[in-house]
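Student: First, the structure itself, so that you have it in front of you.
The values are calculated or read from the model by the stated rules, or taken from the named source; none is laboratory data. The structure presented is a predicted model; accordingly, all values stated were derived computationally and were not measured. With ideal geometry, Cβ positions are generated from the backbone for all residues, glycine too; neighbour counts draw on all protein chains shown. Only protein heavy atoms, including side chains, enter the accessible area calculation; ligands, DNA and RNA are left aside. Shrake-Rupley method; radii C 1.70, N 1.55, O 1.52, S 1.80 Å.
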Protein chains: 2
Amino acid sequence: MSKLDIKNGVIEMGHGSGGRTSATLIEELFVRHFDNALLDQGNDQASFPVPAGRMVISTDGHVITPLFFPGGDIGSLSVHGTINDVAMSGAKPLYLSASFILEEGFPLADLERIVISMAKASKSAGVPVVTGDTKVVERGKGDGVFITTTGIGIVPDGINISGDLAKPGDVIIVSGSIGDHGIAILSSREGLQFGTTIESDSAALHGLVADMVAVAADIRCLRDPTRGGLATTLNELARQSKVGMRIQETAIPIKAEVKGACELLGLDPLYIANEGKLVCIVPAKDAEHLLAAMHKHPLGQGAAIIGTTCEDAQKMVVMETAFGGNRVVDWLAGEQLPRIC
Amino acid sequence: MSKLDIKNGVIEMGHGSGGRTSATLIEELFVRHFDNALLDQGNDQASFPVPAGRMVISTDGHVITPLFFPGGDIGSLSVHGTINDVAMSGAKPLYLSASFILEEGFPLADLERIVISMAKASKSAGVPVVTGDTKVVERGKGDGVFITTTGIGIVPDGINISGDLAKPGDVIIVSGSIGDHGIAILSSREGLQFGTTIESDSAALHGLVADMVAVAADIRCLRDPTRGGLATTLNELARQSKVGMRIQETAIPIKAEVKGACELLGLDPLYIANEGKLVCIVPAKDAEHLLAAMHKHPLGQGAAIIGTTCEDAQKMVVMETAFGGNRVVDWLAGEQLPRIC
């Protein structure tokens with residue numbers, strides 16, 4: 001079969017035909033870099049043994065712009081994002097699928113760079129991409145590349161984590177500084193410079209989660225505060241669990257440069273997306289030793305207790321501000337930063 | 001929360017924000033119509049028990065144009081397509097995930113029509129959509145709606161079906177008439193009239209597959225001849241299994257109106273996509289009773305033996321034509337009908 005001209009070639013409609021041109025793209029780019037036995041089966045599905053137990057499935061479409069940004073790209077993000085959604089059930093992620101929607105004219109060199117990054121993120125996380133699909137749309141009917149990943153995982157016995165399980169008196173923990181991803185994307189998009197480069201926190205959190213459930217099997221809720229930021233995630237959990245929340249502004253970790261960028265741009269860091277952070281709600285009795293365990297993991301070093309849950313029929317999230325006042329933290333309304341993931 | 005104006009409203013960037021506007025769309029459209037307990041969990045992943053065994057995962061992006069066509073729409077297609085990819089391993093499909101990439105300005109009424117169709121196809125197949133994701137791209141950066149579905153399923157004990165298992169002397173069966181889907185799309189796209197309306201064959205094949213594996217546990221290969229058509233699927237299987245194939249043109253079922261349309265348009269029906277057909281390779285000893293079982297199923301009534309496999313180091317697919325000659329049937333080269341699924 002003819003070789004792809006990765007250096008100078010672009011995506012053509014034929015790459016989505018399902019015929020020989022598609023097969024060349026799949027073999028020379030996807031199969032080559034993802035490189036695993038299940039994908040090599042070459043069927044339209046991947047097959048693997050599972051033990052009896054509880055499984056989870058999660059899916060995420062990725063339409064981020066720009067495709068390449070400080071700290072990552074759409075490839076690594078599409079691996080991290082879905083691994084994290086699987087991990088937020090306490091599950092060990094097993095496998096990923098990947099569906100590409102490519103725009104005619106997209107440079108093959110850029111696509112290879114994305115696939116290599118995806119393969120690297122997937123290998124580093126130990127969660128292989130075992131099946132996939134590629135479609136091509138005409139120039140002007142897409143935007144370079146969209147990637148939908150789906151992940152499946154197995155929940156360890158005895159773990160029962162869900163957004164509706166928080167109870168009044170629980171402790172709310174965030175795993176590290178907030179707002180890094182959104183500000184990295186925004187500054188990259190607008191060509192803004194803030195002295196130091198702010199990098200996305202995009203990372204796979206399943207290792208941190210494994211360490212957490214190992215020391216605190218009673219964790220009630222885990223969720224990654226992506227689109228809509230910390231504020232929206234807390235409101236989602238408050239609503240699902242039918243509790244109120246009281247958080248302390250001074251306790252919320254945020255990098256000085258992110259804070260500065262937010263002030264400059266008039267943005268509230270509570271609503272800025274994260275891609276390598278999690279929110280955890282845990283019974284008060286477990287909070288301190290869970291926090292200690294999180295601090296030992298590279299992705300939990302900045303973990304902090306930021307508040308507690310309480311009885312509240314209104315399910316409100318209220319923040320005690322740095323100035324000692326109280327402010328209702330509502331859901332994100334409208335659209336703050338489009339296409340952030 | 002504010003209600004969606006389904007009748008007059010359109011997709012706005014805020015529907016992809018992850019905030020309150022997103023939540024409204026998800027609740028009033030997706031959760032409402034897909035309507036199942038796992039989706040109602042309201043988490044970023046769905047969780048369910050599984051027995052020990054062999055599972056499969058498969059994913060497919062759907063970018064078909066037009067979105068609505070005779071015999072289906074992108075919603076039903078995205079359910080059938082992925083159920084079929086799961087079923088082609090012999091598996092019983094269990095669950096689907098769905099990721100939507102919506103274009104700003106897309107009418108909510110059209111989206112609801114698609115979601116209702118998807119929900120209907122999913123319920124009729126008994127395979128619920130248990131988790132999902134919604135992203136929005138700016139006007140001109142997408143094309144209405146793209147849907148990626150991922151399916152998982154469980155393979156019954158004792159079933160081992162894969163594209164690389166065909167052996168020389170096996171029998172090749174196709175489950176019914178070929179080319180219906182591609183011609184339906186093409187005529188709908190171009191506004192062509194062929195006397196009678198040609199409808200897509202879009203259908204979920206897992207029920208037919210269940211009946212097939214029940215009577216012929218030794219089935220070697222199953223594949224649905226979608227993009228690239230029957231010709232490409234046969235070539236894929238020949239290459240994977242390292243066999244040649246001999247097929248008879250007169251044995252291949254094709255409707256008179258599809259044949260007529262292909263002649264008129266200068267298209268070869270062997271390369272036209274199908275969305276409700278399968279190719280099966282089975283040991284010769286099982287062929288006749290398998291065919292009899294297929295004929296009893298509504299989706300297998302037109303099943304026919306179309307040829308046999310043979311030893312061939314070149315892995316060629318050769319067709320004995322209606323005129324008695326021989327023709328090499330190659331892979332689809334280039335692009336015949338873009339965005340057919």
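Student: Scan segment A:73-101 for residues that are open to solvent by 20 Å² or more (accessible area, probe 1.4 Å) and either more than 11 Å from every other protein chain (Cβ to nearest Cβ) or touching a helix residue (DSSP H, G or I) at 6+ places or on another chain (Cβ under 8 Å) (or both) and report the count.
Tutor: In the first step, residues of segment A:73-101 are kept if they are open to solvent by 20 Å² or more (accessible area, probe 1.4 Å); the result is A:80, A:92, A:94-95.
From the residues that got through so far, the ones that are either more than 11 Å from every other protein chain (Cβ to nearest Cβ) or touching a helix residue (DSSP H, G or I) at 6+ places or on another chain (Cβ under 8 Å) (or both) too are A:80, A:92, A:95.
Adding up the residues that qualify gives 3.
Student: Has segment B:235-249 got at least one residue that is open to solvent by 10 Å² or more (accessible area, probe 1.4 Å), closer than 30 Å to B:Gly191 by Cα, more than 14 Å from chain A (Cβ to nearest Cβ) and in contact (Cβ under 8 Å) with a residue 40 or more places away in the chain?
Tutor: Yes, because at least one residue in segment B:235-249 is open to solvent by 10 Å² or more (accessible area, probe 1.4 Å), closer than 30 Å to B:Gly191 by Cα, more than 14 Å from chain A (Cβ to nearest Cβ) and in contact (Cβ under 8 Å) with a residue 40 or more places away in the chain.
Student: Listed residues A:Thr250, A:Thr309, A:Thr233; which is assigned to a strand (DSSP E or B), among the polar types (S, T, N, Q) and outside the structural domain of A:Phe68 (by TED's automatic domain parsing)?
Tutor: A:Thr309
Student: A:Lys7 versus (1) touching a strand residue (DSSP E or B) at 6+ places or on another chain (Cβ under 9 Å); (2) more than 21 Å from A:Glu275 (Cβ to Cβ): which is the lone unmet condition?
Tutor: Result: A:Lys7 passes all but (1).
Student: Here is a further query. Please indicate, with yes or no, whether at least one residue in segment A:200-213 is farther than 26 Å from B:Thr148 by Cβ, in a loop (DSSP other than H, G, I, E, B) and open to solvent by 10 Å² or more (accessible area, probe 1.4 Å).
Tutor: No, there is no match, as no residue in segment A:200-213 is farther than 26 Å from B:Thr148 by Cβ, in a loop (DSSP other than H, G, I, E, B) and open to solvent by 10 Å² or more (accessible area, probe 1.4 Å).
Student: Here's a follow-up. When you scan segment B:1-37, how many residues do you find that are more than 14 Å from every other protein chain (Cβ to nearest Cβ), under 31 Å from the mean Cα position of the chain (by Cα) and open to solvent by 70 Å² or more (accessible area, probe 1.4 Å)?
Tutor: 3
Quick grid of which residues meet (1) in contact with a strand residue (DSSP E or B) (Cβ under 6 Å, 6 or more places away or on another chain); (2) of a type in the set (Ser, Thr, Tyr); (3) assigned to a strand (DSSP E or B):
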{"residue": "A:Ile83", "(1), (2), (3)": "yes, no, no"}
{"residue": "A:Ser97", "(1), (2), (3)": "yes, yes, yes"}
{"residue": "A:Ser117", "(1), (2), (3)": "yes, yes, no"}
{"residue": "A:Ala121", "(1), (2), (3)": "no, no, no"}
{"residue": "A:Ser124", "(1), (2), (3)": "no, yes, no"}
{"residue": "A:Val127", "(1), (2), (3)": "yes, no, no"}
{"residue": "A:Gly140", "(1), (2), (3)": "no, no, no"}
{"residue": "A:Ile159", "(1), (2), (3)": "no, no, no"}
{"residue": "A:Ser162", "(1), (2), (3)": "no, yes, no"}
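Student: Among the residues of segment A:160-171, are any at the interface with chain B (Cβ under 7 Å from one of its Cβ atoms) and closer than 27 Å to A:Leu29 by Cβ?
Tutor: Within segment A:160-171 (the criterion being at the interface with chain B (Cβ under 7 Å from one of its Cβ atoms) and closer than 27 Å to A:Leu29 by Cβ), the answer is no, since none of the residues qualifies.
Student: Looking only at segment A:128-139, count every residue that is at the interface with chain B (Cβ under 7 Å from one of its Cβ atoms) and either free of Cβ contacts under 8 Å to residues at least 24 places away in the same chain or open to solvent by less than 10 Å² (accessible area, probe 1.4 Å) (or both) and tell me the total.
Tutor: Residues meeting the conditions: 4.
Student: Something else now. Got at least one residue in segment A:48-62 being farther than 30 Å from A:Gly163 by Cβ, touching a residue at least 40 places away in the same chain (Cβ under 8 Å), within 9 Å of chain B (Cβ to nearest Cβ) and buried (at least 24 other Cβ atoms within 10 Å of the Cβ)?
Tutor: no
Student: Here's another thing I want to ask about it. Read through the list (1) open to solvent by 30 Å² or more (accessible area, probe 1.4 Å); (2) of a type outside the set (Phe, Trp, Tyr); (3) in contact with a strand residue (DSSP E or B) (Cβ under 9 Å, 6 or more places away or on another chain), then give the number of the only condition that A:Gly105 fails.
Tutor: Only one criterion is unmet by A:Gly105, namely (1).
Student: Follow-up. What number of residues within segment B:179-199 satisfy the criterion of being in contact with a strand residue (DSSP E or B) (Cβ under 9 Å, 6 or more places away or on another chain), of a type in the set (Val, Ile, Thr) and surrounded by fewer than 24 Cβ atoms within 10 Å (Cβ to Cβ)?
Tutor: 0
Student: Okay, moving on. Please go through segment A:314-341 and pick out each residue that is in contact (Cβ under 8 Å) with a residue 24 or more places away in the chain and small (Gly, Ala, Ser).
Tutor: Once the filter is applied, which keeps residues that are in contact (Cβ under 8 Å) with a residue 24 or more places away in the chain and small (Gly, Ala, Ser), segment A:314-341 yields only A:Ala322.
Student: Another one. For segment B:263-272, how many residues meet the condition of being more than 12 Å from every other protein chain (Cβ to nearest Cβ) and not in a loop (DSSP other than H, G, I, E, B)?
Tutor: Of the residues in segment B:263-272, 4 are more than 12 Å from every other protein chain (Cβ to nearest Cβ) and not in a loop (DSSP other than H, G, I, E, B).
Student: Further question: Give the residue that is nearest to the other protein chains (Cβ to nearest Cβ), with candidates limited to residues of segment B:142-156 that are out of contact with any helix residue (DSSP H, G or I) (no Cβ under 8 Å at 6 or more places or on another chain) and surrounded by fewer than 24 Cβ atoms within 10 Å (Cβ to Cβ).
Tutor: Of everything passing the filter in segment B:142-156, B:Asp143 is nearest to the other protein chains (Cβ to nearest Cβ).
Student: Do the conditions hold for A:Thr65, that is, is it of a type in the set (Ser, Thr, Tyr), within 28 Å of the chain's Cα centre (by Cα) and in a loop (DSSP other than H, G, I, E, B)?
Tutor: It is true that A:Thr65 is of a type in the set (Ser, Thr, Tyr), within 28 Å of the chain's Cα centre (by Cα) and in a loop (DSSP other than H, G, I, E, B).
Student: Checking B:Gly260 against (1) of a type outside the set (A, V, I, L, M, F, W, C); (2) within 14 Å of chain A (Cβ to nearest Cβ); (3) not in a loop (DSSP other than H, G, I, E, B), only one condition comes out false. Which one?
Tutor: Condition (2) is where B:Gly260 drops out.
Student: Got at least one residue in segment B:111-124 being buried (at least 24 other Cβ atoms within 10 Å of the Cβ) and within 9 Å of chain A (Cβ to nearest Cβ)?
Tutor: No, segment B:111-124 has no match at all.
Student: Considering only segment B:23-60, state which residues are β-branched (Val, Ile, Thr), under 15 Å from B:Val130 (Cα atoms) and out of contact with any strand residue (DSSP E or B) (no Cβ under 7 Å at 6 or more places or on another chain).
Tutor: B:Val31
Student: Follow-up. So, in segment A:319-341, how many residues would count as being open to solvent by 20 Å² or more (accessible area, probe 1.4 Å) and assigned to a strand (DSSP E or B)?
Tutor: 4
Student: Taking segment A:305-318 as the region of interest, how many residues are buried (at least 19 other Cβ atoms within 10 Å of the Cβ) and more than 14 Å from chain B (Cβ to nearest Cβ)?
Tutor: Adding up the residues that qualify gives 5.
Student: Hey, among B:Leu39, B:Leu29, which residue is of a type in the set (A, V, I, L, M), part of a helix (DSSP H, G or I) and farther than 22 Å from A:Ala87 by Cα?
Tutor: B:Leu29
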